[in-house]
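Below is one structure, written out as structure tokens; the observations come after it.
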Amino acid sequence: MKKALITGITGQDGSYLTEFLLDKGYEVHGIIRRGSTYNLGRIDAVLKNPKLYLQLYLHYGDLTDSTSLRKIIDEVRPDEVYNLGAQSHVKVSFDTPEYTADVVAIGTLRLLEAVRAHISMFNREVRIYQAGSSEMFGAAPPPQRESTEFYPRSPYAVSKVAGYWYAKNYRESYGMYIVNGILFNHESPRRGETFVTRKITRAVGRIKEGLQDKLFLGNLDAKRDWGFAGDYVEAMWLMLQQESPEDFVVATGVAHSVRDFLKEAFSYVNLNWEDYVEIDPKLFRPAEVDYLLGDPTKIKEKLNWEPKVSFKELVAMMVEHDWELAKREKALKEVGYTSALRGVTIG
Ligand code: NAP
Ligand code: GDD
């Protein structure tokens, strides 16, 4: 049985990857952070499944704490490490640039060093997936592909560029099997609620059910290449199954604006987005990434990977999910239960 170690297991991608790897028969280990409230919601279904639960192990650790990383890697002895942990919100990275760099850039370096020490001590192969981002391309004109020069536009993106180069440097310097996946935006019903797609679909459900009047947003002109997270974790795994390590862009090859997303999501429940959306200047970023559109030719040709879920299907999946959540919220409200009631107002 192969062993995988995932940083960021409690995040959107970590949860889909966990299910994907468990399904393939892996023993999965995840690094979790202690929170003051329950933060295992996205992997709750796995934790409650008596069969899968026995294949899943959680370890307290942090990308800012090299002692914990080294200890976990030496104890687990993983075959594959997926570095998904990050302060992943672009706008928040302008408010917490130093912390973002510590987790995203230096955190990657800490993990690489921990694996390097483990390999030299135990003389075994450990393959590493590094979660790169299309944000690294930033202001570079579309379409962006593996050969496109990076032009990061936020502290988050600069830190991801550093992580990318650390990974590449360790591959070239020490012959380690490390791949950079350069993933374009990918979403799902498990997406964090302060990212624009989920913020919109949560609002659509709540507005439809009369629980919310308005949705405040920033720049509606930005364009993104949005895919489904469940499809993208397969690409991560495929990258680690090759004979030699290479970097890949993962994208759908189709871009839409935030305005397009709004139109699609509101019209799914027969509402006109223009009646509900207002612009809040606080939600604009100090520097914006205007247009991300990936060219997935390399991964299609070399790894035979294709996205399965279209933009329209993705929006429908997210709206359906969040409409159902809103219906439940409304039902609770009707019986006087209010603690679950809240709207997403930040991010
Ligand atoms: P996410 O939902 O924000 O999850 C981030 C994960 O990182 C969470 O499990 C979080 O733990 C963990 N984490 C945060 N700080 C940490 C720290 N100091 N030490 C250890 N773990 C920490 O992100 P995602 O959407 O799943 O994305 C996964 C990775 O892919 C991230 O590196 C992201 O930057 C990158 N990426 C994402 C996209 C996308 O469109 N989703 C595209 C390109 C690249 P808590 O639950 O405790 O907060
Ligand atoms: N979050 C948010 N909230 N974004 C908004 C809002 C709002 O109220 N209004 C407009 N936007 C615009 C942002 O300015 C941005 O241009 C676009 O919507 C997408 O924003 P996010 O959903 O926050 O995602 P992101 O593209 O900045 O970053 C995500 O994708 C990256 C890959 O390209 C994150 O998942 C990153 O971690 C990831 O690397």
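The values are calculated or read from the model by the stated rules, or taken from the named source; none is laboratory data. Keep in mind it's a predicted model, so treat the numbers as computed, not measured. Note that each Cβ is placed from the backbone with ideal geometry, even for glycine, and that neighbours are counted across all protein chains shown. With ligands, DNA and RNA removed, areas are computed over all heavy atoms of the protein, side chains included. Shrake-Rupley method; radii C 1.70, N 1.55, O 1.52, S 1.80 Å.
If you check Arg198, Arg206, Arg202, which single one turns out to be more than 16 Å from ligand 1 (Cβ to nearest atom) and in a helix (DSSP H, G or I)?
Working: Arg198 fails: more than 16 Å from ligand 1 (Cβ to nearest atom); Arg202 fails: more than 16 Å from ligand 1 (Cβ to nearest atom).
Exactly one of Arg198, Arg206, Arg202 is more than 16 Å from ligand 1 (Cβ to nearest atom) and in a helix (DSSP H, G or I), namely Arg206.
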Could we say that Thr37 is closer than 30 Å to Ser154 by Cα, modelled with pLDDT under 95 and assigned to a loop (DSSP other than H, G, I, E, B) here? yes
When the residues of segment 268-296 are filtered to those that are open to solvent by 20 Å² or more (accessible area, probe 1.4 Å), touching a helix residue (DSSP H, G or I) at 6+ places or on another chain (Cβ under 7 Å) and more than 23 Å from Asp213 (Cα to Cα), which remaining residue is farthest from ligand 2 (Cβ to nearest atom)? Pro286
Tell me, which residue of segment 12-28 that is surrounded by fewer than 24 Cβ atoms within 10 Å (Cβ to Cβ) and not in a helix (DSSP H, G or I) is farthest from ligand 1 (Cβ to nearest atom)? Gly25
Which ones in segment 194-219 are out of contact with any Phe, Trp or Tyr (no Cβ under 9 Å at 6 or more places or on another chain) and either open to solvent by 20 Å² or more (accessible area, probe 1.4 Å) or among the aliphatic types (A, V, I, L, M) (or both)? Thr194, Phe195, Gly210, Leu211, Phe216, Leu217
Of the conditions (1) among the β-branched types (Val, Ile, Thr); (2) within 16 Å of ligand 1 (Cβ to nearest atom); (3) open to solvent by 30 Å² or more (accessible area, probe 1.4 Å), Ile299 satisfies every one except a single condition; which number is it? (3)
Just to verify a result, which residue in segment 110-167, among those that are among the polar types (S, T, N, Q), surrounded by 24 or more Cβ atoms within 10 Å (Cβ to Cβ) and part of a helix (DSSP H, G or I), is farthest from ligand 1 (Cβ to nearest atom)? Ser159
Taking the stated definitions as given, is Val179 near ligand 2 (Cβ under 9 Å from one of its atoms) and in contact with a Leu (Cβ under 8 Å, 6 or more places away or on another chain)? no
Which members of segment 168-182 meet the condition of being within 16 Å of ligand 1 (Cβ to nearest atom) and either under 18 Å from the mean Cα position of the chain (by Cα) or surrounded by fewer than 19 Cβ atoms within 10 Å (Cβ to Cβ) (or both)? Val179, Asn180, Gly181, Ile182
